[in-house]
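Peer 1: Dropping the structure in here first, questions after.
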Amino acid sequence: MSGDPAAVVPEEFPATGDTASMRAEAEALRDYGKAHGRLAKVTADVDRVQSRADGHVLISTGIPAEDEAMNRAERVADAYGGYARSTAKPADAERPAVVTVYNVFGDQLLTRRVGGR
């Protein structure tokens, strides 16, 4: 992926897509959080996860508009990084992912690289 990752990311979580697949991926991330006790609370707000063909991962959450929203979004992105490494094929495990986290209103909170070296 070249250029500024934020340049290809929608400002709001997409209203279209395979909802069943997005919810199943969100459930897998929540299950990962539960299996790693300290992450259960972090991943509990994850509603949908959309893995795009360009390698970008969009995460819709129930994070409200509050003072701690950015901190919570950072923790969700970090949890996704761990989840992605744990489910990746060995050749892909060290490849960083670009993750965008959205709040309960579908507004973008942050975009950043997670995982990799």
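Peer 1: Can you give me the long-range amide H partners of Leu109? Hydrogens built in the peptide plane at 1.01 Å from N, cutoff under 5 Å, separation of 5 or more residues or another chain.
Peer 2: The list, which skips near neighbours in sequence, is Val101, Tyr102, Asn103.
Peer 1: Let me ask something additional. For the chain, give the share of DSSP beta bridges that are antiparallel, in percent and rounded to the nearest 5; count only bridges with both residues there. Please list the in-between numbers first.
Peer 2: Details: 12 of 17 bridges.
Expressed as a percentage, antiparallel bridges in the chain total about 70.
Peer 1: Moving on. Pairs of Cα atoms under 8 Å, at least six residues apart: use those to get the relative contact order of the chain, whole percent. Mind showing how you got there, number by number?
Peer 2: Values: 194 pairs, mean separation 30.8, N = 117.
The value is 26 percent.
Peer 1: Now, a different point. How many percent of Cα pairs in the chain exceed 26 Å?
Peer 2: On the way: 722 of 6786 pairs.
Roughly 11 percent, once rounded to a whole number.
Peer 1: Moving on to the next point. In square angstrom, what is the accessible area per residue of region 29-117 with a 1.4 angstrom probe? Write out the running numbers ahead of the final one.
Peer 2: Values: 4680 Å² over 89 residues.
Ligands and nucleic acids excluded, the figure is 53 Å² per residue.
Peer 1: Between Arg95 and His36, what is the spin-label point distance in nm, taking each point 7 Å from the Cα along the Cα→C-beta axis?
Peer 2: Result: 2.0 nm between the two label points.
Peer 1: As I understand it, the dipole of region 8-117 uses +1 on the Cβ of Lys and Arg and -1 on the Cβ of Asp and Glu, about the Cα centre. Which of Pro90, Ala35, Ser60 lies farthest toward its positive end?
Peer 2: Positive-end residue among those listed: Pro90.
Peer 1: Quick one: net charge around Val42, please, counting Lys, Arg +1 and Asp, Glu -1 for every other residue with C-beta under 11 Å from its C-beta.
Peer 2: Numbers: positive: Arg30, Lys34, Arg38, Lys41, Arg72, Arg75; negative: Asp45, Glu74, Asp78.
Local charge sum for Val42: +3.
Peer 1: Taking H placed 1.01 Å from N in the peptide plane, check which residues at least 5 places from Ile63 or on another chain put their amide H under 5 Å from its amide H.
Peer 2: The answer is Val104.
Peer 1: What is the Rg over Rh value, at two decimals, for region 21-75, using alpha-carbon atoms and the Kirkwood definition of Rh? Show your work: numbers first, answer last.
Peer 2: Working: Rg = 11.4 Å, Rh = 11.6 Å.
Ratio value, two decimals: 0.98.
Peer 1: Report, in deg cm²/dmol and to the nearest 500, the calculated mean residue ellipticity at 222 nm for the chain, where each DSSP H run with n ≥ 4 adds -39500 (n - 2.57) and the sum is divided by the residue count.
Peer 2: Details: 3 runs with 40 residues, N = 117.
Only helices count here, giving -11000 deg cm²/dmol.
Peer 1: Just to check I understand the Karplus step: with θ = phi - 60° and J = 6.51 cos²θ - 1.76 cosθ + 1.60, what whole-Hz values come out for region 71-80, glycine and proline as x?
Peer 2: Per residue, the Karplus-derived 3J(HN,Hα) values read 4, 5, 5, 4, 5, 5, 4, 4, 4, 5 Hz.
Peer 1: Moving on to the next point. Expressed as a whole percentage, what fraction of the accessible surface of the chain belongs to carbon and sulfur atoms when a 1.4 Å probe is rolled over the protein heavy atoms?
Peer 2: On the way: 3180 of 6530 Å².
Solvent-exposed carbon and sulfur of the chain make up 49 percent of the total.
The values are calculated or read from the model by the stated rules, or taken from the named source; none is laboratory data. If you're wondering where the values come from, they're calculated on a predicted model, not measured in any experiment. No Cβ is skipped: glycine too gets one built from the backbone with ideal geometry, and neighbour counts run over all protein chains shown. Ligands, DNA and RNA are stripped out before the accessible areas are found, and what is left, the full protein with its side chains, is counted by its heavy atoms. Shrake-Rupley method; radii C 1.70, N 1.55, O 1.52, S 1.80 Å.
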